[in-house]
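Asks: This is the structure I want to talk about, given as structure tokens.
The values are calculated or read from the model by the stated rules, or taken from the named source; none is laboratory data. A quick note: this is a predicted structure, and the numbers were derived from the prediction, not measured. Virtual Cβ from ideal backbone geometry, glycine too; neighbours counted across all protein chains shown.
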Amino acid sequence: MKTCQIILISLLITASMYAQEEQPIKSPTGATIGYQDKKKAEVEVAPPKTHSFNYVQAVQDGAAAVEGKVIDWRRDFHEFPELSNREFKTADKIALKLRGMGLKVDQGMAKTGVIGILDTGKEGPTVGLRADTDALPVTERNELPFRSRETSTYLGNEVGVMHACGHDTHVAMLLGAAEVLTGMKDQLKGKIIFVFQPAEEGPPPGEEGGAALMVKEGIIEKYGIEVMFGQHISSGLDAGKIMYKAGGIMAAADRFTIKVKGKQTHGARPWGGVDPITTAAQIIIGLQTIVSRQTELTKEAAVISVGKFTAGVRNNIIPEEAELVGTIRTLDIGMRDLIHEKIKTTAEHIALSQGATAEVEITGYAPVTFNNLDLTRQMIPSLYSVLGENNVIITPAVTGAEDFSFFAEKVPSLYYFVGGKPLNVSANEAFPHHTPDFFIDESGMITGVKAISQLAVDYLLNGESASIGGQ
């Protein structure tokens, strides 16, 4: 009897437990038509596992896929270069390629600028990526099948035209990045603004242009750009490498003109006048002592260079006037102001000592290119992830200048160098920028495509606004 009771109680308990674990299955009218195990139901209604998208691999694969196009695009832009504020055909080519990727395109900002817009349709940050598009008045000197044979007029002179600073590679790399990022659109959020900026080398005298004009015309506000990334090819850095520096990476650049006025006389009787040529020569030497003897070079580097000396019409006439034109490069605002003051004082006092006068005019080209400290710290791991930590190098400040600095004054920015030197050429043997023999190893361009693409991806996904003002 007891055994039967125990079995009956066990059956009742089991049935009760089973009933608790079962869930009724209802018909559309609300009737119970069966039962489903509760645990099984919970498993079946659990959300599916999300697929983890590998963004770094997607960027690397995308860059590899587009590399051939990037090289072809670069060669086309290289063969048919255009001077600053005259990049009309270049702009049309860029716009055509962007539209072919399905991007919205705006043209005409800063005269020949092109803006490509990638809108993911999802809430998120807005990132600006910049490339410059203009070439230089340099006649190319090599045997490349795609070398430039273009000519133009610059300051009244017939000149050759050459991408002697690598802006053709900048355009091609950013177009490559646009194709990579467009292919990842569904995996991104926010917006990417591709900025193809004209006249980085400076507009012709009397004209406005470049990044300064884009900022003046409201590019940051119009497109809601929160941060900017930019890159520059380097003929002296190994292909496959990146160089960066937090803080000031490139110098402020200012142009100076010194007009020395003397008194014209016969070349056989110099004592009959005041020689502006010898006076100007002494001023040149005096300017160099400003840097070597009057500037705190342990603080930051500085450069004063005279690039043009104009005087006279023939051998036996001491002219009335001579003119010096040059550049000032500084990496510190206080030093910049001091050097401007010293140039004026030096020129005027040396001229006075010779019985001449000196008129000094200094005009600014670009401020210091400043990499926002917080943004740099945040984004450098992105370069490590896509390129490898050994390929990302810290560089000292560079005394070259960049009008990208105008963007960096408005929003937090990061600017860096991309290697374009063949590995079998030493840095000392590499041809410098702005020369007829300037050369870039095209295998280095894929590095730039990867770098700027990864920076954009990671900021869109993880970015937080750095301090306003880019400093």
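Asks: For the range 61-113, give me each residue that is under 19 Å from Ile192 (Cβ atoms) and either assigned to a strand (DSSP E or B) or outside the structural domain of Phe438 (by TED's automatic domain parsing) (or both).
Replies: Those that are under 19 Å from Ile192 (Cβ atoms) and either assigned to a strand (DSSP E or B) or outside the structural domain of Phe438 (by TED's automatic domain parsing) (or both): Lys104, Val105, Asp106, Gln107.
Asks: Exactly one condition in (1) over 22 Å from Glu79 (Cβ atoms); (2) in contact with a Gly (Cβ under 6 Å, 6 or more places away or on another chain); (3) at pLDDT 95 or above; (4) not acidic (Asp, Glu) is not met by Ala397; state its number.
Replies: Ala397 satisfies all of (1) over 22 Å from Glu79 (Cβ atoms); (2) in contact with a Gly (Cβ under 6 Å, 6 or more places away or on another chain); (3) at pLDDT 95 or above; (4) not acidic (Asp, Glu) except (3).
Asks: Then there is this: In the range 189-200, which residues are crowded, with 21+ Cβ neighbours inside 10 Å and not aromatic (Phe, Trp, Tyr)?
Replies: Gly190, Lys191, Ile192, Ile193, Val195, Gln197, Pro198, Ala199, Glu200 - these are the residues of the range 189-200 that are crowded, with 21+ Cβ neighbours inside 10 Å and not aromatic (Phe, Trp, Tyr).
Asks: Could you say which residue among Gly236, Gly307, Gly273 is small (Gly, Ala, Ser) and out of contact with any Lys or Arg (no Cβ under 7 Å at 6 or more places or on another chain)?
Replies: Checking each option against the conditions leaves just Gly307.
Asks: While we're here: Of (1) in contact with a helix residue (DSSP H, G or I) (Cβ under 8 Å, 6 or more places away or on another chain); (2) buried (at least 24 other Cβ atoms within 10 Å of the Cβ); (3) of a type outside the set (Asp, Glu); (4) part of a strand (DSSP E or B), Phe256 satisfies all except one. Which?
Replies: The single condition Phe256 does not satisfy is (2).
Yes/no matrix, rows are residues, columns are (1) under 24 Å from Glu179 (Cβ atoms); (2) among the aliphatic types (A, V, I, L, M); (3) modelled with pLDDT under 95:
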| residue | (1), (2), (3) |
| --- | --- |
| Glu87 | yes, no, no |
| Ala95 | yes, yes, no |
| Pro137 | no, no, no |
| Glu150 | no, no, no |
| Gly156 | no, no, yes |
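Asks: Out of Glu296, Glu300, report the one residue that is in contact with a helix residue (DSSP H, G or I) (Cβ under 9 Å, 6 or more places away or on another chain), part of a loop (DSSP other than H, G, I, E, B), buried (at least 17 other Cβ atoms within 10 Å of the Cβ) and at pLDDT below 95.
Replies: Within the list Glu296, Glu300, the selection yields Glu300.
Asks: Kindly establish whether Ile33 is touching a Gly at 6+ places or on another chain (Cβ under 9 Å), part of a strand (DSSP E or B) and at pLDDT below 95.
Replies: So Ile33 does not fit the description; no.
Asks: What do you reckon, is Ala135 buried (at least 22 other Cβ atoms within 10 Å of the Cβ), more than 16 Å from Lys97 (Cα to Cα) and of a type in the set (A, V, I, L, M, F, W, C)?
Replies: yes
Asks: How many of the residues in the range 172-207 are part of a loop (DSSP other than H, G, I, E, B) and farther than 21 Å from Phe80 by Cα?
Replies: Final tally of qualifying residues: 7.
Asks: Moving to a separate point now. Is it the case that the range 234-247 has a residue that's within 20 Å of Arg130 (Cβ to Cβ), surrounded by 24 or more Cβ atoms within 10 Å (Cβ to Cβ), out of contact with any Phe, Trp or Tyr (no Cβ under 6 Å at 6 or more places or on another chain) and aliphatic (A, V, I, L, M)?
Replies: Among the residues of the range 234-247, not one is within 20 Å of Arg130 (Cβ to Cβ), surrounded by 24 or more Cβ atoms within 10 Å (Cβ to Cβ), out of contact with any Phe, Trp or Tyr (no Cβ under 6 Å at 6 or more places or on another chain) and aliphatic (A, V, I, L, M), which makes the answer no.
Asks: Still on this structure, I have one more. Any idea how many residues of the range 208-224 are crowded, with 23+ Cβ neighbours inside 10 Å and outside any helix (DSSP H, G or I)?
Replies: The number of residues fulfilling the criteria is 1.
Asks: Can we say Gly448 is modelled with pLDDT of 95 or more and touching a Gly at 6+ places or on another chain (Cβ under 7 Å)?
Replies: No: the conditions fail for Gly448.
Asks: Moving on to the next point. State the number of residues belonging to the range 259-287 that are more than 21 Å from Glu320 (Cβ to Cβ) and either surrounded by 14 or more Cβ atoms within 10 Å (Cβ to Cβ) or not assigned by TED's automatic domain parsing to the domain that holds Asn315 (or both).
Replies: The number of residues fulfilling the criteria is 2.
Asks: What do you reckon, is Glu158 surrounded by fewer than 21 Cβ atoms within 10 Å (Cβ to Cβ), in contact (Cβ under 8 Å) with a residue 60 or more places away in the chain and not in a helix (DSSP H, G or I)?
Replies: no
Asks: Continuing with the same structure: Search the range 210-237 for residues being in contact (Cβ under 8 Å) with a residue 24 or more places away in the chain and on the phi > 0 side of the Ramachandran plot, and hand back the single one that is farthest from the chain's Cα centre (by Cα).
Replies: Ranking the qualifying residues of the range 210-237, first place goes to Gly224.
Asks: May I pose another question? Which number in (1) over 30 Å from Ser413 (Cβ atoms); (2) touching a strand residue (DSSP E or B) at 6+ places or on another chain (Cβ under 8 Å); (3) of a type in the set (Lys, Arg) marks the one condition that Arg293 misses?
Replies: Just one mismatch for Arg293, condition (2).
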